[in-house]
Amino acid sequence: MSTTNKSIDVTDAGHIFFASADSVAGSIKRNHVSIGALNLLIQTRDNLLPLIARVALGIVMFPHGAQKVFGWFGGHGFVGSMSFFTDIIHAPAPLAFLAILAEFAGSLGLITGCLSRIAAFGIACNMFVAIFTVHIANGFFMNWYGVNKGEGFEFHILAIGLALVVMIGGAGKASIDVFLSRKLKD
């Protein structure tokens, strides 16, 4: 097993483990992994607007993801969430799993600025699906006073808007993506 920069090379028996961002960038360069595609995903400017959008969306989505994974904040946990998606919404289990993953891992990716475009895309997909499978029947407005039988879709439109800012602009300042994109240029 060859090691470089305290990381296992990506060609070692199909196992991937990286000790640092430097080793990630080094391994990518050494093994000629498609740097162009990776760079398109992580390239970003050291800008404040995407930082605000991604952190706001990440903070708002984290409790929703934690409800579905751990049962925190009054949620039903992973088993209960999978059951809801597969038994009540009739979503295929792999898509239900991806929806839960998008909300939980996506929120963490947004907060840290790691693969932010992918994280934002996953959350935007969840919001589109939520609008058209559950919330559109309840109208536009959220159920602030508890008089309707469900929530409308205005929140989802805001989340999609924030996700679009991140998908277009990247992660922005104070992100793992900006750090990695600089390392790839070296």
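The values are calculated or read from the model by the stated rules, or taken from the named source; none is laboratory data. Only a predicted model underlies this, so the values are computations on that prediction, with no experimental measurement involved. Cβ: placed from backbone, ideal geometry, glycine included. Neighbour counts: every protein chain shown.
Total residues in the range 146-163 satisfying the condition of being more than 14 Å from Gly106 (Cα to Cα) and hydrophobic (A, V, I, L, M, F, W, C): the figure is 5.
Please give the helices (runs of 4 or more DSSP H) falling wholly within the range 29-126 in which 3 or more residues are over 19 Å from Gly170 (Cβ atoms), modelled with pLDDT of 95 or more and assigned by TED's automatic domain parsing to the domain that holds Leu162. Break it down stepwise before answering.
On the way: elements: 35-42, 48-70, 77-83, 93-112.
Passing ranges, in order: 48-70, 77-83, 93-112.
Flag not set for Glu151, criterion: closer than 30 Å to Gln43 by Cα, surrounded by 14 or more Cβ atoms within 10 Å (Cβ to Cβ) and of a type outside the set (A, V, I, L, M).
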